[in-house]
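Participant: Could you have a look at this structure, given as C-alpha coordinates, before my questions?
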Amino acid sequence: MTRSFRPSRRRRSPGPVDVDAVIREAQEQARVRARDYRARSLELHGWICGRCAREFDEKNLYLLTVHHKDGNHENNPSDGSNWENLCADCHEAEHTRGRLGDYLRGSPGESRRR
Ligand SMILES: [Zn+2]
Ligand SMILES: [Zn+2]
(Lines give C-alpha, C1' and ligand atoms only; values in the text may rest on other atoms or scores of the structure.)
(Ligands and ions follow the chains in the order given, each with its own letter.)
Protein backbone atom coordinates (compact mmCIF):
# COMPACT_ATOMS: atom_id res chain seq x y z
CA MET A 1 0.00 0.00 0.00
CA THR A 2 1.52 3.26 -1.05
CA ARG A 3 0.46 6.71 -0.17
CA SER A 4 2.34 8.39 -2.93
CA PHE A 5 -0.62 10.36 -4.21
CA ARG A 6 -1.25 13.06 -1.70
CA PRO A 7 -2.59 16.39 -2.75
CA SER A 8 -0.21 18.94 -1.44
CA ARG A 9 -1.64 21.52 0.84
CA ARG A 10 -1.52 24.80 -0.97
CA ARG A 11 -3.00 27.82 0.61
CA ARG A 12 -2.94 30.47 -2.00
CA SER A 13 -6.49 31.23 -3.11
CA PRO A 14 -8.92 32.49 -0.52
CA GLY A 15 -11.69 31.09 -2.70
CA PRO A 16 -14.67 29.05 -1.57
CA VAL A 17 -14.03 25.98 0.52
CA ASP A 18 -14.11 22.78 -1.46
CA VAL A 19 -16.79 21.03 0.55
CA ASP A 20 -16.52 17.85 -1.47
CA ALA A 21 -12.84 17.59 -0.70
CA VAL A 22 -13.49 18.12 2.99
CA ILE A 23 -16.13 15.40 3.02
CA ARG A 24 -13.92 13.06 1.04
CA GLU A 25 -11.13 13.59 3.50
CA ALA A 26 -13.41 12.92 6.48
CA GLN A 27 -14.65 9.72 4.87
CA GLU A 28 -11.14 8.65 4.11
CA GLN A 29 -10.12 9.22 7.71
CA ALA A 30 -13.10 7.23 8.94
CA ARG A 31 -12.10 4.38 6.64
CA VAL A 32 -8.55 4.47 7.85
CA ARG A 33 -9.73 4.45 11.46
CA ALA A 34 -12.04 1.49 10.82
CA ARG A 35 -9.25 -0.49 9.21
CA ASP A 36 -6.97 0.65 11.92
CA TYR A 37 -8.86 -0.64 14.92
CA ARG A 38 -9.21 -4.11 13.43
CA ALA A 39 -5.50 -4.33 12.75
CA ARG A 40 -4.82 -2.97 16.20
CA SER A 41 -7.15 -5.41 17.88
CA LEU A 42 -5.65 -8.34 16.00
CA GLU A 43 -2.25 -7.15 17.09
CA LEU A 44 -3.29 -6.79 20.72
CA HIS A 45 -5.39 -9.89 21.17
CA GLY A 46 -3.79 -12.18 18.64
CA TRP A 47 -5.20 -14.10 15.70
CA ILE A 48 -7.45 -16.19 17.83
CA CYS A 49 -11.15 -16.21 18.64
CA GLY A 50 -11.84 -14.99 22.17
CA ARG A 51 -14.68 -17.49 22.60
CA CYS A 52 -13.87 -20.80 20.95
CA ALA A 53 -10.10 -20.24 20.82
CA ARG A 54 -10.00 -21.08 17.14
CA GLU A 55 -6.74 -19.91 15.63
CA PHE A 56 -6.35 -18.13 12.35
CA ASP A 57 -3.73 -17.54 9.72
CA GLU A 58 -3.37 -15.37 6.63
CA LYS A 59 -5.70 -17.59 4.64
CA ASN A 60 -8.73 -17.31 6.86
CA LEU A 61 -8.02 -14.20 8.86
CA TYR A 62 -10.97 -12.49 7.20
CA LEU A 63 -13.21 -14.73 9.29
CA LEU A 64 -11.87 -13.19 12.44
CA THR A 65 -13.81 -10.08 13.29
CA VAL A 66 -13.63 -7.44 15.96
CA HIS A 67 -16.55 -7.23 18.35
CA HIS A 68 -17.22 -4.10 20.37
CA LYS A 69 -18.02 -5.17 23.88
CA ASP A 70 -20.27 -2.21 24.58
CA GLY A 71 -21.81 -2.35 21.12
CA ASN A 72 -20.54 1.12 20.28
CA HIS A 73 -18.39 1.06 17.16
CA GLU A 74 -17.26 4.60 17.85
CA ASN A 75 -15.74 3.57 21.13
CA ASN A 76 -12.25 2.45 20.18
CA PRO A 77 -9.86 2.95 23.07
CA SER A 78 -6.32 2.28 21.93
CA ASP A 79 -5.67 -0.14 24.77
CA GLY A 80 -8.17 -2.52 23.16
CA SER A 81 -10.41 -2.72 26.20
CA ASN A 82 -13.57 -2.47 24.12
CA TRP A 83 -12.54 -5.03 21.52
CA GLU A 84 -12.84 -8.72 21.37
CA ASN A 85 -11.64 -10.84 18.49
CA LEU A 86 -14.40 -13.24 17.56
CA CYS A 87 -14.69 -15.68 14.70
CA ALA A 88 -17.69 -15.15 12.43
CA ASP A 89 -19.66 -17.89 14.20
CA CYS A 90 -19.07 -16.67 17.72
CA HIS A 91 -19.63 -13.09 16.66
CA GLU A 92 -22.98 -13.91 15.17
CA ALA A 93 -23.95 -15.90 18.23
CA GLU A 94 -22.92 -13.03 20.46
CA HIS A 95 -25.20 -10.59 18.68
CA THR A 96 -28.06 -13.02 18.21
CA ARG A 97 -28.14 -13.75 21.89
CA GLY A 98 -28.22 -10.09 22.84
CA ARG A 99 -30.87 -9.19 20.33
CA LEU A 100 -33.20 -12.13 20.79
CA GLY A 101 -32.77 -12.40 24.51
CA ASP A 102 -35.63 -10.14 25.35
CA TYR A 103 -38.45 -11.57 23.37
CA LEU A 104 -37.31 -15.14 23.31
CA ARG A 105 -37.30 -15.33 27.05
CA GLY A 106 -39.55 -18.13 28.19
CA SER A 107 -39.55 -19.83 24.80
CA PRO A 108 -38.62 -23.50 24.70
CA GLY A 109 -34.89 -24.08 25.02
CA GLU A 110 -32.24 -23.61 22.39
CA SER A 111 -33.54 -24.45 18.99
CA ARG A 112 -30.22 -23.93 17.27
CA ARG A 113 -28.14 -26.78 18.51
CA ARG A 114 -25.14 -27.97 16.59
ZN1 LIG B 1 -15.17 -18.54 17.78
ZN1 LIG C 1 -19.94 -7.38 17.54
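The values are calculated or read from the model by the stated rules, or taken from the named source; none is laboratory data. Bear in mind that the values here come from a model prediction, so they are computed numbers and not experimental data. Please note: Cβ atoms are built from the backbone with ideal geometry, for glycine as well, and neighbour counts cover all protein chains shown.
Participant: Can you tell me which residues in segment 43-58 are surrounded by 13 or more Cβ atoms within 10 Å (Cβ to Cβ) and within 14 Å of ligand 1 (Cβ to nearest atom)?
Facilitator: Result: His45, Gly46, Trp47, Ile48, Cys49, Gly50, Arg51, Arg54, Phe56.
Participant: Let me ask another. If the Cβ limit is 6 Å and pairs must be 6+ apart or interchain, which residue in segment 59-77 that is in contact (Cβ under 8 Å) with a residue 12 or more places away in the chain and within 16 Å of ligand 1 (Cβ to nearest atom) pairs with which residue that is outside any loop (DSSP other than H, G, I, E, B) and polar (S, T, N, Q)?
Facilitator: Leu64/Asn85; Val66/Ser41
Participant: Okay, next question. Within segment 58-78, take every residue that is under 15 Å from Gly46 (Cβ atoms) and not polar (S, T, N, Q) and give me the one that is farthest from ligand 2 (Cβ to nearest atom).
Facilitator: By that ranking, first place goes to Glu58.
Participant: Quick one: which residue in His91, His67 is assigned to a strand (DSSP E or B), at pLDDT 95 or above, touching a strand residue (DSSP E or B) at 6+ places or on another chain (Cβ under 7 Å) and not hydrophobic (A, V, I, L, M, F, W, C)?
Facilitator: Exactly one of His91, His67 is assigned to a strand (DSSP E or B), at pLDDT 95 or above, touching a strand residue (DSSP E or B) at 6+ places or on another chain (Cβ under 7 Å) and not hydrophobic (A, V, I, L, M, F, W, C), namely His67.
Participant: Run Gly101 past the list (1) modelled with pLDDT under 95; (2) closer than 21 Å to Gly46 by Cβ; (3) outside any loop (DSSP other than H, G, I, E, B) and report the number of the one that doesn't hold.
Facilitator: The number of the failed condition is (2).
Participant: Sticking with this structure for a sec: Which condition number does Asn85 fail, the rest of (1) touching a strand residue (DSSP E or B) at 6+ places or on another chain (Cβ under 8 Å); (2) in a loop (DSSP other than H, G, I, E, B) being met?
Facilitator: (2)
Participant: Oh, and also: So, Gly50, is that one in a loop (DSSP other than H, G, I, E, B), touching a residue at least 40 places away in the same chain (Cβ under 8 Å) and over 19 Å from Arg97 (Cβ atoms) or not? Steps first, please.
Facilitator: Values: in a loop (DSSP other than H, G, I, E, B): yes; touching a residue at least 40 places away in the same chain (Cβ under 8 Å): yes; over 19 Å from Arg97 (Cβ atoms): no.
So Gly50 fails the test.
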